[in-house]
Amino acid sequence: MIQLIGLTKKYSKVKAIDGINLEIKPGEIFGFLGPNGAGKTTTIKIMVGLLKPTSGRVIIDGNDIAKNPLEAKKAVGFIPDRPFLYEKLTGKEFLRFMAGLYSIDTNSYESKISELLELFELTEWGDELIEGYSHGMQQRLVMSSALIHNPKVIIVDEPMVGLDPRGARLVKEIFKAISSKGTTIFMSTHTLEIAEEMCDRIAIIQEGKVIALGTMDQLRNKVDASKDQRLESVFLALTETFAQPAESFEEVP
Amino acid sequence: MGKVTLLLTPRLISLKNRINSRDRWEMAKAIMLLLLAVCFWIGIFIGVYRVLTYFQGIEVIGDMLTRRLLSMVFLTFFSILLFSNVITSLSTFYLSDDLNLIHSAPVPLGRIYLARFIETTVDSSWMVLLFGLPVFIAYGFVYSASFTYYLWLMVVIIPFLIIPAGLGITLTMVLVNVFPAKRTKDIFLLLSIVAVIILYLLFRFLRPEKLVDPEAFSAVAAYLTALKTPSSPFLPNHWATEAILPLLQNYEGSPVFFFLLLLSTGLALIVIGNYLSSHLYYDGWSKSQEAKKSTISKTMVIERLITFFTRYFSPQTRALMTKDIKTFFRDTTQWSQLFLLAALVVVYLYNFSVLPLDRSPIPTFYLQNLISFLNMGLAGFVLSAVAARFAFPAVSLEGPSFWIIGTSPITIRGFLWSKFFTNLLPLLVLAETIIILSNYLLKVSNFMMLLSSLTVFFMTFGIIGLAIGIGASYPRFKVENVAKMATSFGGAVYMICSMIFIGLIVILEAWPVYLIFISQITHRPLALSQWTAIWLSFFAVGVINILAIFLPMKIGAMKLSEMEEYP
């Protein structure tokens, strides 16, 4: 469903991502992890068409995002980590706007909008301006908008940012439900518990390169960890092995 | 005082870093702005210098006039400063992003008040001070003032700046306790626009051109009486005038007394403000943090109008247009500018209604049509200026939300055309209102009425094409104030292109129309070659119009698509 082929992005001389190759199957929940500045957001931005790669290709649902962007974008629902929305629209109006962008039939989207607002517990806020929404509510609204066109792929950058525990659980349940119906979810996150709990496979990226890829068990094997070891220790072991040793640290007084 | 200085350091360091940045483009822009400011500065100086020299030449009332002018200058500065301080303090005291950090730090409220007081005063006053300086220097030059005058001026001006700051901040603190901070800012922005409109209309309706009319000289006696009446002795502008005028006009006066009045009032306002802040500020700030549950009008009429006007467009264009229209009418800073536009149209039409065409030595028929022709160019200019404010920033207005467009299955071309059509109808209505009403007031021939209405109709398409296309070629998604977009580099490029476009259209039409008029006056039919040339001219107008619509739109779409990274 998603293919990243030799994806590279250079900023002047610095390689933000360096030859990433990934293939994600339909219905898979795929975790994309890495330390700060590893290249996660850069990869995601290229995947959704917000950034041009220096080289390499992104193929979504059989369509190259560079050559056939409209068809590729039709298959994707994107949820960014910081959702900047049109603050002067109400929640419902925003969802109608998004439905329009995806050319959904006017007669069918009203019921879908009510359904999504209900699902994300936003019904009573539907007629309020977005500028009055909290960060978590905005995040849930973006998630609703990403689902309005029943996408085949969901690409999400930090899904749990700004969500309260109830909201986080809600989102986890929704993601699991839609993935069981065949939607592919590509998720970048720092919340390792969520990745561990939800993802079928995980890729760990560092300094722009994929340093590990596989199921939880495969990752554990890679660092000779026991079955009961959590992703946190596996992640730290993998990233520390790969990282260059720091030259010196000054003692903090 | 250490804490106050510390609180001011982030601003100072940011300023230093900006100056030190090696960005060439930024440097070039700064130099351009500086040059422009210097030109403006010199312009003010020369203007005031000439007015003052002229006043000095008038016997009896010369000195009275200069005194009056100085007092008026101070009063104008005082009013601007008061307004500016209210708006600035709403940001510095209540809406600024760094306030959360500052309030959570162990800093006494009094210190925060003082630091923000200094910040507000500097932010609101530097521009007035900068452009006020040439006025005061011109005074010094005209009266051959000594160095003491300039030194004393600097001493007097400081408390003069502190007073409106103290008053403005106190007023803000009281207002924010009654209304939410954001709404207060909206209200004040709206008020400032209304004030500008009233001043503009008043000035125009006073008909300053009548001053050169000898019949109006009967008012001189009343004028002299008005001059002798002193301005209110309780206003700081009077104190400032009386504090510096003795040094210019060499009379005794009590400059020190008036300076002390300014100083004591300024200091008293700081103390009173500080005291009030301990009671009012924290409550107001907490209030401004509360969720803004905004009420919006849900009039079905507007909804239906939007649905009606957008019904023939594709779902994507319809969605974008609906979003843009709703956003426009819900943003006070956007729709309030419509008042300015209305005032502009009223004054524009008023100018035509008072044109003394019958008193001109040129035949009226000829003059009416000539002016109607110039009117086309002028209407084009007005439309360009309006489009610079509304259509040109349309793409940049998406701001950080552009990711929605970037990730949606909509072509950049489609996106730009939606912006084109959103701006088309309102600008067409404006264009035709201006041209038809002004032609009606000019009582032009039916031919000219038809020609100019049609020309301006199609010209509007070209102007919007240029505005949207060039706006897309120079997008600034991070710009905070869209009103400033028109003065950016891209804005200048657009205005130049638009002027060339209008100029070409007017020139290409002027010549054939002249031929037609001459043939009508002389009752001689036009030759075939002349008809061919006329049709070629109109054909060229058509081609230029089409190019003005499609070429910039194409370039804009290309540039936007080629952007390395969307926000």
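Kindly indicate which of B:Ile118, B:Ile112, B:Ile102 is on the phi < 0 side of the Ramachandran plot, part of a helix (DSSP H, G or I) and open to solvent by less than 10 Å² (accessible area, probe 1.4 Å).
Details: B:Ile118 fails: open to solvent by less than 10 Å² (accessible area, probe 1.4 Å); B:Ile102 fails: open to solvent by less than 10 Å² (accessible area, probe 1.4 Å).
Only one candidate qualifies: B:Ile112.
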*Can you find even one residue in the stretch B:435-454 that is within 29 Å of B:Lys326 (Cβ to Cβ) and either out of contact with any Lys or Arg (no Cβ under 8 Å at 6 or more places or on another chain) or crowded, with 22+ Cβ neighbours inside 10 Å (or both)?*
no
_Tally, over the stretch A:84-136, of residues that are part of a loop (DSSP other than H, G, I, E, B), open to solvent by less than 10 Å² (accessible area, probe 1.4 Å) and under 24 Å from A:Pro165 (Cα atoms)_ = 3
_Residues within the stretch A:42-60 that are within 17 Å of A:Val153 (Cβ to Cβ) and either of a type in the set (S, T, N, Q) or surrounded by fewer than 18 Cβ atoms within 10 Å (Cβ to Cβ) (or both), tallied_ = 2
*Is it the case that B:Lys443 is on the phi > 0 side of the Ramachandran plot and touching a helix residue (DSSP H, G or I) at 6+ places or on another chain (Cβ under 9 Å)?*
yes
*Within the stretch A:9-27, which residues are under 13 Å from A:Thr54 (Cα atoms) and either loosely packed, with under 15 Cβ neighbours inside 10 Å or over 19 Å from the mean Cα position of the chain (by Cα) (or both)?*
A:Lys10, A:Tyr11, A:Ser12, A:Lys13, A:Val14, A:Lys15, A:Asp18, A:Gly19
*Under 9 Å between Cβ atoms, at least 6 apart or on separate chains: pull out the pairs that start in the stretch B:538-567 with a residue that is within 14 Å of another protein chain (Cβ to nearest Cβ) and polar (S, T, N, Q) and end on any residue that is in a helix (DSSP H, G or I) and open to solvent by 70 Å² or more (accessible area, probe 1.4 Å).*
B:Ser561/B:Arg413
*Residue by residue through the stretch A:59-74, note down the ones that are under 19 Å from A:Ser188 (Cβ atoms) and out of contact with any strand residue (DSSP E or B) (no Cβ under 6 Å at 6 or more places or on another chain).*
A:Lys73
*Neighbours by Cβ (under 6 Å, 6+ apart or cross-chain): first from the stretch B:309-332, facing chain A (nearest Cβ under 7 Å) and surrounded by 17 or more Cβ atoms within 10 Å (Cβ to Cβ); second of a type in the set (Phe, Trp, Tyr) and in a helix (DSSP H, G or I)*: B:Ala319/A:Phe97; B:Lys323/A:Phe97
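What strands (runs of 3 or more DSSP E) lie completely within the stretch A:10-82 and have 3 or more residues being charged (D, E, K, R)?
Qualifying strands (runs of 3 or more DSSP E): A:14-24.
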*Within the stretch A:138-154, track down each residue that is touching a residue at least 40 places away in the same chain (Cβ under 8 Å), assigned to a helix (DSSP H, G or I) and touching a helix residue (DSSP H, G or I) at 6+ places or on another chain (Cβ under 8 Å).*
A:Gln138, A:Gln139, A:Leu141, A:Met143, A:Ser144, A:Ser145, A:Leu147
*Using the structure shown, decide if A:Ile174 is away from chain B (no Cβ under 14 Å) and under 25 Å from A:Ile59 (Cβ atoms).*
no
_Qualifying residue in the stretch A:70-87 (condition: within 12 Å of chain B (Cβ to nearest Cβ), touching a Lys or Arg at 6+ places or on another chain (Cβ under 8 Å) and at pLDDT below 90)_ = no
*Of all residues in the stretch A:155-207, which are among the β-branched types (Val, Ile, Thr), assigned to a loop (DSSP other than H, G, I, E, B) and closer than 17 Å to A:Pro83 by Cβ?*
A:Val161, A:Thr189
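The values are calculated or read from the model by the stated rules, or taken from the named source; none is laboratory data. Values in this document were obtained by computation on a predicted structure and should not be read as measured data. When we count neighbours, we look across all protein chains shown, and the Cβ atoms used for this are built from the backbone with ideal geometry, even at glycine. To get the accessible areas, we keep the full protein, side chains included, count just its heavy atoms, and leave off ligands, DNA and RNA. Shrake-Rupley method; radii C 1.70, N 1.55, O 1.52, S 1.80 Å.
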